[in-house]
Amino acid sequence: MKNKILIVGMGYVGLANALMLSQKNDVIIFDIDKMKVYNFNRGVLPLGEDMYETFYNKYRDNIIAISDESQALSNKYDFIIIALPTDYDQDKKAFNTTSIEDLIVKIIDHNIDTCIVFKSTLPIGFTRLIKEKFQYDQILVSPEFLRENKALSDCLNPSRIVVGGNKIYAMKYVKMLKNVSKIEKEKVFIMNETESEAVKLFSNAYLATRVCFFNELDNFSLIHNLDAKTIISGVCSDPRIGDHYNNPSFGFGGYCLPKDTKQLANNYPYADNLFSAVLNNNNKRAEIIAQILNRDDTIKTIGIYKLAMKKSSYNCRNSAIFNIISKLQNKNLIVYEPLDKTNFNNLKRIDDLSVFKQMSDLILCNRYDALLEDVKYKVFTRDVFNEN
Ligand SMILES: NC(=O)c1ccc[n+]([C@@H]2O[C@H](COP(=O)([O-])OP(=O)(O)OC[C@H]3O[C@@H](n4cnc5c(N)ncnc54)[C@H](O)[C@@H]3O)[C@@H](O)[C@H]2O)c1
């Protein structure tokens with residue numbers, strides 16, 4: 001059976017879910033960004049994964065984008081899936097959920113009898129309060145675990161499906177997902193909404209903690225002149241630890257790990273919880289790297305080789321390297337970032353790689369690239385395994 005679905009927010013999460021669901025459902029995407037909507041409807045997609053275009057062209061009769069909110073809310077839907085941003089508000093020390101709360105009021109006002117699914121990452125306890133406030137039980141929390149550079153393929157082959165809320169609605173939602181993606185029975189976890197919110201925050205806080213653990217091992221190796229790669233290989237041969245997600249870096253960053261860890265740290269009634277320490281430690285990592293570079297007076301110009309966190313990524317949002325850049329003193333900074341043309345903190349861009357190499361006394365890169373092989377002697381990276 002075809003469902004009629006409204007997806008709110010055409011970002012990484014909303015777009016990937018919309019394309020996946022469009023295989024067998026009628027999907028409307030609502031986004032306030034008029035240009036994004038206009039472009040989408042003429043086939044210019046906001047994100048660059050190859051598969052997006054294939055899906056779009058194949059299922060375009062099933063999917064449309066709109067930017068008019070009252071038009072979006074004038075239909076009847078089986079599901080309204082909310083993929084709005086929940087940025088961390090530094091003053092309130094919590095996610096900003098205002099746009100989600102405003103939308104819920106409108107959905108209730110329009111008397112749309114529908115099942116609402118929160119894909120946005122939420123503070124623990126948020127959904128229960130909303131359900132009580134509006135006396136509306138048809139709300140599910142299904143956190144998203146996709147990676148930005150593999151968003152659609154992660155949706156189609158999810159690591160697990162977590163759904164929190166009333167079991168009857170949860171089963172209906174899972175049934176719809178099973179129709180369009182590869183989900184094995186044992187990978188479906190149905191729980192209450194608060195537990196579901198917690199799964200998301202603890203998952204990302206674990207990843208942040210693990211990044212910090214191996215970076216702290218690497219800090220120790222740098223201070224004591226030891227080979228981090230050798231130590232990590234020895235540590236990770238224990239199957240309880242596992243030989244994965246252990247490559248040192250300039251710190252955790254991106255959209256989700258920092259903000260989700262901050263939210264979780266502040267969900268605790270005591271300040272000295274593990275996750276507060278993890279956040280401080282991530283900052284310490286940047287300080288240690290910056291100190292190493294600052295104390296070498298022979299380095300006048302530092303070339304930043306790419307700003308994105310990962311190889312081939314075009315997304316520089318909250319990249320860890322910015323934290324290091326902010327701590328560098330008395331250096332000329334130039335940047336080579338071919339995939340993102342944004343003007344970052346007025347860093348001087350050098351678009352010609354050979355000029356960039358020539359101008360740099362030292363090249364700082366989070367992830368090593370074979371294109372730097374001829375100037376390897378200038379490269380400073382902690383990418384000991386040469387992987388993302
Ligand atoms: N990016 C990820 O890898 C990822 C992974 C898992 C979960 N999440 C969570 O999913 C949520 C969405 O993240 P994202 O990365 O897709 O966001 P995004 O910033 O990529 O996109 C958000 C979209 O929402 C639109 N928007 C903003 N306010 C709106 C409003 N009031 N009405 C309609 N549209 C509006 C924006 O124009 C934008 O297109 C966040 O809570 C995030 O924490 C993100």
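The values are calculated or read from the model by the stated rules, or taken from the named source; none is laboratory data. What you see is a predicted model; the values in this text were computed from it and never measured. As a convention, Cβ positions derive from the backbone with ideal geometry for all residues, glycine included, and neighbour counts pool all protein chains shown.
Annotations for the structure displayed:
- Considered as a group, the residues in the stretch 250-263 that are buried (at least 24 other Cβ atoms within 10 Å of the Cβ) and either outside the structural domain of Tyr206 (by TED's automatic domain parsing) or farther than 17 Å from Glu197 by Cα (or both) include one that is farthest from the ligand (Cβ to nearest atom), and that residue is Phe250.
- Sole exception among (1) modelled with pLDDT under 95; (2) surrounded by 15 or more Cβ atoms within 10 Å (Cβ to Cβ); (3) in contact with a helix residue (DSSP H, G or I) (Cβ under 7 Å, 6 or more places away or on another chain) for Leu140, by number: (1)
- Subset of the stretch 67-94 [surrounded by fewer than 18 Cβ atoms within 10 Å (Cβ to Cβ) and over 24 Å from the mean Cα position of the chain (by Cα)]: Asp68, Glu69, Ser70, Gln71, Ser74, Asn75, Lys76, Asp78
- Which listed residue, of Asn247, Asn266, Asn215, Asn157, is closer than 30 Å to Leu339 by Cα, among the polar types (S, T, N, Q) and within 16 Å of the ligand (Cβ to nearest atom): Asn157
- Among (1) in contact with a Lys or Arg (Cβ under 9 Å, 6 or more places away or on another chain); (2) exposed (fewer than 14 other Cβ atoms within 10 Å of the Cβ) - the single one Leu226 does not satisfy: (1)
- Tally, over the stretch 1-52, of residues that are free of Cβ contacts under 8 Å to residues at least 40 places away in the same chain, more than 10 Å from the ligand (Cβ to nearest atom), not hydrophobic (A, V, I, L, M, F, W, C) and not in a helix (DSSP H, G or I): 4
- Hey, Gly242 in contact with a Cys (Cβ under 8 Å, 6 or more places away or on another chain), surrounded by fewer than 16 Cβ atoms within 10 Å (Cβ to Cβ) and not polar (S, T, N, Q) or not: yes
- Remark: pairs (first residue in the stretch 340-352, closer than 13 Å to Lys306 by Cβ; second residue of a type outside the set (Gly, Ala, Ser) and surrounded by 11 or more Cβ atoms within 10 Å (Cβ to Cβ); Cβ separation under 6 Å; 6+ apart in sequence or on different chains) = Asp340/Tyr314; Asp340/Cys316; Leu347/Leu333; Leu347/Val335; Arg349/Val335; Ile350/Ile334; Ile350/Tyr336; Ile350/Phe356.
- For the stretch 95-136, taking the residues that are closer than 18 Å to Ile7 by Cα and of a type in the set (Gly, Ala, Ser), the one that is surrounded by the most Cβ atoms within 10 Å (Cβ to Cβ) is identified as Ser120.
- Yes/no for Arg367 being over 30 Å from Gly234 (Cβ atoms) and out of contact with any helix residue (DSSP H, G or I) (no Cβ under 6 Å at 6 or more places or on another chain): no
- Test result for Val27, of a type in the set (Val, Ile, Thr) and out of contact with any helix residue (DSSP H, G or I) (no Cβ under 7 Å at 6 or more places or on another chain): no
- Checklist (1) under 16 Å from Cys256 (Cβ atoms); (2) more than 16 Å from the ligand (Cβ to nearest atom) applied to Met176, failing item: (1)
- For the stretch 117-134, filtering for residues that are more than 14 Å from the ligand (Cβ to nearest atom) and not in a loop (DSSP other than H, G, I, E, B) leaves 7.
- Single residue of the stretch 246-271 satisfying the filter (assigned to a loop (DSSP other than H, G, I, E, B) and under 16 Å from the mean Cα position of the chain (by Cα)) that is nearest to Lys229 (Cα to Cα): Gly251
- Elements of type helices (runs of 4 or more DSSP H) contained in the stretch 272-388, each with 3 or more residues being buried (at least 20 other Cβ atoms within 10 Å of the Cβ): 274-294, 321-325
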